[in-house]
Amino acid sequence: MDATTSRRRFVTGATAAAATLGLAARPAAAAEPAFDGEFDLVVCGSGAGGLASALFARWQGASVVVLEKAGSIGGTTNKAAFWYWVPNNAAMRKAGMSDPKPDFLKYVARLSNPQGYDPAAPRYGLSAWEYEMCEAFYDSASPAAELLAERGALPYRHVADVPDYFAELPEDKAPKGRVLVPAEAAPSMSDGGRVAIRTMSAKARAEGISIRTGTRATRILRNAEGRVIGLEATDELGATLRFKARRGVVFATGGFTHNAELRRHFLNGPVYGGCAAPSNEGDFVTLASAVGAQLRNMNYAWMCPIPLEKAVARDGSISGMFSVAGDSMLWVNKYGVRNVNEKLQYNELAHTFFEWDGAKAEYPNLVRIAVWDQRSQDHSASAEYGRLIVPKGTDDRHVIRGATLDELAKAIDARLAKYASVTGGAKLAPDFLAKLRASIARFNGFARNGKDLDFHRGERIVEQLFNGDVKDEPGRKNPTMWPLSDGGPYYAALVVAGTLDTKGGPKTDTNGRVLDAADKPIPGLYGVGNCVASASGRAYWAGGATLGPILAFAYRTANAAMRDGVAA
């Protein structure tokens, strides 16, 4: 429907329009602007959450429009590997893999609330809201995945051998089998997001779902009774548009990764940005707060290390460091001290940047320095999964080089000086080079013996999963470690903490309904994905632990909107 037609159909008298839009303060004689479109469901955001919500509603007969703030569709999903973590999925059941609900809930509770975890308690230490949300995820993830696959929107393949991130915990009774990826994803599974957006958006358009890019939601519209009945938005030219939503408005607009003010005031450490879509600026936090939404879990994010230079530049192509590549490679801080397991999974690795030294009043690991040799450069370079060691001819502006360790240290210090204004003046300690040599010598001894006595690198299954390509070495004892060469050239990169996206926002119930301060639903307002609060707390349960819940709650939200909405 074009704007001219919609204006003819939806222009109403001043009194009726004022009641509908909640604008009673305007003079009764003034004519209200018309809606520019009327739909059963208005969805904001064209990533996995938005497209899935739109499809699930459309398959129940709803008319749906998807509004995308950016100039192209896909959001952060378009950049993701798109593993999706689906407990008790159909492929698991077919393969005879057991995934009982109580065991699943114990595993997620153990990670999401470790300080309160109690396997003997009725909810294993989770709050009622956290428990109900995790239970809803378990119940709905597989039905959502199967419906998307059956309708041709998201065919998948089962990756049965991919382990959960804490597969060794006794609570994890199904340590493998929960991961699905888009069927047409590459063997490395790094391009699944592009595949998913292509297949889901093609299906949406084929089903008659309207997708409008360059359209940013600016105000949630309610009637006199407080029910959400539409949205006000602006297009790419700044024109104001209004969309009526008969059954509800669904926000799936991502988190606040690219809102520096929200990051600084809510996240629990110095985060430099991240690899979410540049349009993820926390719009829903502001819009939902204006209509009384309750916020929850604002202090946590889906974390990952990122290169300093790309973070500061707000490089839209940046990827989180899912995989720290290289075996003849180690990380040190500005003191030249190795103090972390470099192969720790990305969420947990990023949290280690926030250690605070109270005596020195500083974050000693605010900027870490990855160091590798020519061997790793030759055999571990890759442009996938956000790796620092990249092939020749790709974007390598983050890479620092030196023919010797002395030259490398000077180049590192020069690079730090360039970014002093955003790192609190971080620079190498006077004895950095001596400490670096000592750290390399100690690491090389561990690598020769295959045992990291300091940080146990490579001892967990997930660390080998994300090891990346390494040179084959006969008789090697630890695939994640090899001694750094005694001679150059050497390479380095500056690494800081970042996000895949944040995971806090308006609190929702198990059906995606946004809740107010009294835990009551705001009628007609729904939220899915990283723009709303996650019950996962600080935890990152497994690969795909972002997207599995997104699909599950998109399914539940669409069903609720169709069930609860007012057809008019």
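Structure data summary
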quantity: Condition check for G320: open to solvent by less than 40 Å² (accessible area, probe 1.4 Å), over 19 Å from L484 (Cβ atoms) and of a type outside the set (S, T, Y); calculated: yes
quantity: From the options L436, L484, L494, residue that is open to solvent by less than 60 Å² (accessible area, probe 1.4 Å), touching a strand residue (DSSP E or B) at 6+ places or on another chain (Cβ under 8 Å), modelled with pLDDT of 95 or more and assigned to a loop (DSSP other than H, G, I, E, B); calculated: L484
quantity: Filter result for the condition that a residue is touching a Ser or Thr at 6+ places or on another chain (Cβ under 7 Å), of a type outside the set (A, V, I, L, M, F, W, C) and outside any strand (DSSP E or B), over G193, G238; calculated: G193
quantity: Meets criteria (over 26 Å from S319 (Cα atoms), assigned to a loop (DSSP other than H, G, I, E, B) and of a type in the set (A, V, I, L, M)) for A34; calculated: yes
quantity: Considering residues of segment 533-566 that are touching a residue at least 24 places away in the same chain (Cβ under 8 Å) and basic (K, R) only, the residue surrounded by the fewest Cβ atoms within 10 Å (Cβ to Cβ); calculated: R538
quantity: Positions within segment 442-463 being without any contact (Cβ under 8 Å) to a residue 40 or more places away in the chain and open to solvent by 60 Å² or more (accessible area, probe 1.4 Å), in sequence order; calculated: R448, N449, K451, L453, E459
quantity: Flag for L433 being farther than 13 Å from L330 by Cα and touching a Cys at 6+ places or on another chain (Cβ under 6 Å); calculated: no
quantity: Test: residue in segment 361-371 that is among the hydroxyl-bearing types (S, T, Y) and surrounded by fewer than 24 Cβ atoms within 10 Å (Cβ to Cβ); calculated: yes
quantity: Residue satisfying all of: in segment 137-151; aliphatic (A, V, I, L, M) and open to solvent by 10 Å² or more (accessible area, probe 1.4 Å); nearest to K203 (Cα to Cα) among these; calculated: A149
quantity: Matching option when the condition is farther than 24 Å from N347 by Cβ and in contact with a strand residue (DSSP E or B) (Cβ under 7 Å, 6 or more places away or on another chain), among L154, L148; calculated: L154
quantity: Segment 431-457: number of residues that are aliphatic (A, V, I, L, M), under 36 Å from the mean Cα position of the chain (by Cα) and more than 11 Å from R338 (Cα to Cα); calculated: 2
quantity: Conditions (1) in contact with a Pro (Cβ under 8 Å, 6 or more places away or on another chain); (2) open to solvent by less than 20 Å² (accessible area, probe 1.4 Å); (3) not aliphatic (A, V, I, L, M); number of the one not met by Q294; calculated: (2)
quantity: Subset of segment 154-172 (residues that are touching a residue at least 24 places away in the same chain (Cβ under 8 Å) and open to solvent by 40 Å² or more (accessible area, probe 1.4 Å)); calculated: P155, Y156, R157, H158, E168
quantity: Candidate set from segment 258-274 (those that are outside any loop (DSSP other than H, G, I, E, B) and small (G, A, S)); member that is surrounded by the fewest Cβ atoms within 10 Å (Cβ to Cβ); calculated: A260
quantity: Of all residues making up segment 499-532, the number that are more than 22 Å from T77 (Cα to Cα), small (G, A, S) and surrounded by 24 or more Cβ atoms within 10 Å (Cβ to Cβ); calculated: 1
quantity: Only one of A224, A217 that is in contact (Cβ under 8 Å) with a residue 12 or more places away in the chain and in contact with a helix residue (DSSP H, G or I) (Cβ under 6 Å, 6 or more places away or on another chain); calculated: A224
quantity: Any pair with Cβ under 7 angstrom, 6 or more apart, that starts in segment 368-394 at a residue that is over 17 Å from P307 (Cα atoms) and ends at one that is among the hydroxyl-bearing types (S, T, Y) and open to solvent by 40 Å² or more (accessible area, probe 1.4 Å); calculated: D373/S485; Q374/S485; R375/S485
quantity: Hey, V470 among the hydrophobic types (A, V, I, L, M, F, W, C), assigned to a loop (DSSP other than H, G, I, E, B) and open to solvent by 30 Å² or more (accessible area, probe 1.4 Å) or not; calculated: yes
quantity: Strands (runs of 3 or more DSSP E) completely within segment 303-420 that count 1 or more residues being basic (K, R) and over 24 Å from the mean Cα position of the chain (by Cα); calculated: 400-402
quantity: In segment 327-376, the residues that are farther than 19 Å from F455 by Cα and among the charged types (D, E, K, R); calculated: D357, K360, E362, D373, R375
quantity: Per-region count, segment 205-228, residues closer than 22 Å to A276 by Cβ and open to solvent by less than 20 Å² (accessible area, probe 1.4 Å); calculated: 3
quantity: Odd one out for G238, checked against (1) closer than 27 Å to D315 by Cβ; (2) surrounded by 15 or more Cβ atoms within 10 Å (Cβ to Cβ); calculated: (2)
quantity: Test: residue in segment 60-81 that is open to solvent by less than 20 Å² (accessible area, probe 1.4 Å) and modelled with pLDDT under 95; calculated: yes
quantity: Evaluation of G248 against (1) closer than 26 Å to M92 by Cα; (2) not basic (K, R); (3) not in a loop (DSSP other than H, G, I, E, B) (one fails), failing number; calculated: (1)
quantity: Residue ID - farthest from N444 (Cα to Cα), chosen from residues in segment 497-510 that are assigned to a loop (DSSP other than H, G, I, E, B) and in contact with a strand residue (DSSP E or B) (Cβ under 8 Å, 6 or more places away or on another chain); calculated: D509
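A quick yes/no check of all residues on (1) assigned to a loop (DSSP other than H, G, I, E, B); (2) touching a Gly at 6+ places or on another chain (Cβ under 7 Å); (3) among the small types (G, A, S); (4) modelled with pLDDT of 95 or more:
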site	(1), (2), (3), (4)
M92	no, yes, no, yes
G96	yes, no, yes, yes
L105	no, no, no, yes
R110	no, no, no, yes
G116	yes, yes, yes, yes
R123	yes, no, no, yes
E135	no, no, no, yes
Y138	no, no, no, yes
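The values are calculated or read from the model by the stated rules, or taken from the named source; none is laboratory data. On a predicted model such as this, the values are computed, not experimentally measured, just so you know. Reconstructed Cβ throughout: ideal geometry from the backbone, glycine too, with neighbour counts over all protein chains shown. Surface accessibility is based on the protein's heavy atoms, side chains included, excluding ligands, DNA and RNA. Shrake-Rupley method; radii C 1.70, N 1.55, O 1.52, S 1.80 Å.
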